[in-house]
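The block underneath contains the structure these notes are about, expressed in structure tokens.
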Amino acid sequence: MIEAKSPAFWRATLALCCGSFMIFSNLYVTQPLLPDFQLAFGISTLEANASLAIATLMLGLSLLVYGPLSDALGRRTLMLVTLLASLSTTFALAWAPNYNSLLALRAIQGFLLGGLPAVAIAYMGDEFSKKAVALAVGIYISANTLGGISGRLFSGFIADAFNWRASFLFAAGLSLFCVIIFWWALPKSKHFQPQQPSLIKMVKDLLNHLKNPLLISAYLLGGLNFFIFINQYSYVTYLLSEEPWLLSSSFLGMLFLTYLTGTWAASISGRAALVLAQPLCMAIGILLLMLGSLVMLIPSVWAIIGGLLINSFGFFFCHSNITSWVSRHATTARASASSLYLVFYYLGASTGGFYLDPFWRTWHWQGVILGSLLIFVLTLAISLGLWKKDPLPLSDPA
């Protein structure tokens, strides 16, 4: 097994982080462009948000396929093939002739982008020791955040300098670089045990996970948190593109630099779980999400940025702990268990806009915060319920 901080650990983690960086920079490249899409295609806020929602929805649904498929066919090849295929759709998006074509390509891209997230944690579970998994997951999720930041940041600046189509061309070039590093650095699997592909077994594994009350609680916790967190960013771009702020795409893209606190939170989450029970870490993250949301009620750009910084730390601190917690509590079909968590996670991202939009239309930004807090109260209760059932930190010998 690959041990924590060994040369093999750093090489494998580098590869997975490069792949993760590519996935999330491509997934979120449209988010600062939503006001641009409104102007270019004459569409509503909800229609513009569909460019993000449809990609996250298809990514979530794809995990039902890739996770079980990787249990049969292996992890590395599946990740590499889907990375290459998603690269081609990124290039094609730059030439979309209309908004319907753009949405169709985003749907295909979203499905292909699911290959690596569905399999990466399972690859770690196969090849890494338990302590190495806890450390690697935090670093891997840090790369998720850096990818999300970069995709949003460069797309905003390039759209201002050129146009939104140029943002996709730049994303394609960056993606090619990441795929090359992934192919070179990721070691071949040594401990993977292939299973015969079976639709019946796949369905049985998924149903078994859904019958596990601990896993289903974790799935709901992650999905509902992301349901709010990612869509707050969409509505804050609408807020700050209006009077009195009228911020440009470049500045709206820079808002996602607030993800850097999430990068830090994810990187320390594994160490925190050695001291505090993971469900308690989840609850702390949700309390920070509630605090950050309240701070964003202050009508100031700086207060909104401060709230986003708090929210990002809280969300990724919670998400990192849920991710490794699911991996630890899935005793069989680990890839399917991790994939099912991500299905809930991305279904939350793709549907949260539909939940928040009525709050936005009725009470504007104050309504978005109200709708957010209602969900966070629920997820806090779920995390405290898990803490009662799993009260010990990872370092506790019991």
I'd like to know if segment 316-332 contains one or more residues that are in a helix (DSSP H, G or I) and in contact with a Pro (Cβ under 6 Å, 6 or more places away or on another chain). no
Can you tell me which residue among Leu199, Leu176, Leu207, Leu220 is more than 30 Å from Ile2 (Cα to Cα), at pLDDT 95 or above and surrounded by fewer than 21 Cβ atoms within 10 Å (Cβ to Cβ)? Leu220
Look through segment 292-320, keep the residues that are free of Cβ contacts under 8 Å to residues at least 24 places away in the same chain and closer than 21 Å to Glu243 by Cα, and return whichever of them is surrounded by the most Cβ atoms within 10 Å (Cβ to Cβ). Gly307
Taking the residues in segment 7-39 that are touching a Lys or Arg at 6+ places or on another chain (Cβ under 7 Å) and modelled with pLDDT under 90 as candidates, determine which candidate is surrounded by the most Cβ atoms within 10 Å (Cβ to Cβ). Pro32
Residue within segment 370-392 that is over 29 Å from Ala277 (Cα atoms), out of contact with any Pro (no Cβ under 7 Å at 6 or more places or on another chain) and either part of a helix (DSSP H, G or I) or of a type in the set (Lys, Arg) (or both) present: yes
Any idea how many residues of segment 246-293 are in contact with a Phe, Trp or Tyr (Cβ under 9 Å, 6 or more places away or on another chain), in a loop (DSSP other than H, G, I, E, B) and modelled with pLDDT of 90 or more? 1
In the list Ala277, Ala283, Ala330, which residue meets the criterion of being of a type in the set (A, V, I, L, M, F, W, C) and farther than 15 Å from Ile382 by Cα? Ala330
Condition (residue is over 30 Å from Arg328 (Cα atoms) and either crowded, with 24+ Cβ neighbours inside 10 Å or among the aliphatic types (A, V, I, L, M) (or both)) applied to segment 134-151: is it met by at least one residue? yes
Could you tell me whether segment 368-384 includes any residue that is of a type outside the set (A, V, I, L, M, F, W, C), at negative phi, modelled with pLDDT of 95 or more and surrounded by fewer than 20 Cβ atoms within 10 Å (Cβ to Cβ)? no
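Here is a yes/no grid of residues against (1) among the hydrophobic types (A, V, I, L, M, F, W, C); (2) farther than 20 Å from Asn49 by Cα:
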| position | (1), (2) |
| --- | --- |
| Phe344 | yes, no |
| Leu347 | yes, no |
| Gly352 | no, no |
| Trp360 | yes, no |
| His364 | no, no |
| Val377 | yes, yes |
| Lys388 | no, yes |
| Pro393 | no, yes |
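The values are calculated or read from the model by the stated rules, or taken from the named source; none is laboratory data. It should be emphasised that the depicted structure is a prediction, and the values quoted were computed from it without experimental measurement. Positions of Cβ are generated from backbone atoms using ideal geometry, with glycine treated the same way; all protein chains shown enter the neighbour counts.
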